[in-house]
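Working notes, structure below.
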Amino acid sequence: MTNTTAHPAISQVRTAAELAASAVSAVRPEQWTAPSPCTDYDLRTLVDHLAWAAVLSQHAATRTPLERDWSNPGPPPFLAGLPPEEWAAPLAGGLRAAADAWTDPDAWEGETVMASSPMPASVVGPMMLAEFAVHGWDVARTAGAPYEVPDELGRLVLTAVEGMAQMGRDGGWYGPEVPVPADAPAFDRALGLAGRDPSWTPPG
């Protein structure tokens, strides 16, 4: 039986992955070049980033080395050669594989490697949970798709983002904090800490 007491995020990793997958499946062909809440990414680049996050997450959970030349751009192998319009189904599979890897309680124990950096697995797991949930929101907002985050997932994402917000801003992968009311839903507060405006809509 899965032990969700020691690692409460276990029960929500699949939810975050499914939310992100549903957001990508809602993208229309003409939207792939649209700007996203991640100011450095258009929608295509953002989804490519999400796909690599799935790969990194699975490798971190399974302690499998990842050989990758990060100076060479390109999508992960399961998207290679496919036009963005055909990314939704294989990306959903990649996200589910990553989520399934984190349902093993042992994945949360000890140390793992994120890309090439050794990190505690108990830090990486929540980090990737937040990565899926927040970038799924980015995609959904850009595509104009619904995105309903359960309260439990929202609280877990907020806790994860609180723990790494300053590191994210120092590293350039979070923007300046966006003020959000203290009584706002937990996920909205997580978005604000991650440099997103929860009321963001596509330009025009």
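The residue that is farthest from residue 150 (Cα to Cα), counting only those in region 169-187 that are touching a Gly at 6+ places or on another chain (Cβ under 8 Å) and not in a loop (DSSP other than H, G, I, E, B), is 169.
For residue 151, the conditions (1) under 24 Å from residue 194 (Cβ atoms); (2) open to solvent by less than 70 Å² (accessible area, probe 1.4 Å) all hold with the exception of (2). For the structure I just gave you, tell me whether residue 58 is of a type in the set (S, T, N, Q) and farther than 24 Å from residue 199 by Cα. The answer is yes for residue 58. Scanning region 161-204 for residues that are of a type in the set (Phe, Trp, Tyr), closer than 21 Å to residue 122 by Cα and in contact (Cβ under 8 Å) with a residue 24 or more places away in the chain yields a total of 1. Scanning region 9-39 for residues that are hydrophobic (A, V, I, L, M, F, W, C), part of a helix (DSSP H, G or I) and over 14 Å from the mean Cα position of the chain (by Cα) returns a single hit, 10.
Among the residues of region 101-118, are any among the hydroxyl-bearing types (Ser, Thr, Tyr), at pLDDT below 95, surrounded by fewer than 16 Cβ atoms within 10 Å (Cβ to Cβ) and in contact with a Leu (Cβ under 9 Å, 6 or more places away or on another chain)? Taking every residue of region 101-118 in turn, at least one turns out to be among the hydroxyl-bearing types (Ser, Thr, Tyr), at pLDDT below 95, surrounded by fewer than 16 Cβ atoms within 10 Å (Cβ to Cβ) and in contact with a Leu (Cβ under 9 Å, 6 or more places away or on another chain). Here the condition is being surrounded by fewer than 18 Cβ atoms within 10 Å (Cβ to Cβ) and in a helix (DSSP H, G or I); of 201, 142, 159, it holds for 159 alone. Based on what the data block shows, is residue 67 at pLDDT 90 or above, open to solvent by 60 Å² or more (accessible area, probe 1.4 Å) and out of contact with any helix residue (DSSP H, G or I) (no Cβ under 9 Å at 6 or more places or on another chain)? Against the criterion (at pLDDT 90 or above, open to solvent by 60 Å² or more (accessible area, probe 1.4 Å) and out of contact with any helix residue (DSSP H, G or I) (no Cβ under 9 Å at 6 or more places or on another chain)), residue 67 does not qualify.
Does region 33-41 include one or more residues that are surrounded by fewer than 17 Cβ atoms within 10 Å (Cβ to Cβ), closer than 13 Å to residue 98 by Cβ and either in contact (Cβ under 8 Å) with a residue 12 or more places away in the chain or not aromatic (Phe, Trp, Tyr) (or both)? No, the conditions are met nowhere in region 33-41. Residue-level analysis places residue 159 outside the set of residues that are within 20 Å of residue 43 (Cβ to Cβ) and over 14 Å from the mean Cα position of the chain (by Cα). Among all residues of region 87-98, there is at least one that is closer than 23 Å to residue 154 by Cα, of a type in the set (Lys, Arg), within 16 Å of the chain's Cα centre (by Cα) and open to solvent by 10 Å² or more (accessible area, probe 1.4 Å).
The values are calculated or read from the model by the stated rules, or taken from the named source; none is laboratory data. Keep in mind that what you see is a predicted model, and the values were worked out from it rather than measured. In this analysis, Cβ positions are derived from the backbone assuming ideal geometry, glycine residues included, and neighbour counts consider all displayed protein chains. Just the protein is used for accessible areas: all its heavy atoms, side chains included, with ligands, DNA and RNA removed. Shrake-Rupley method; radii C 1.70, N 1.55, O 1.52, S 1.80 Å.
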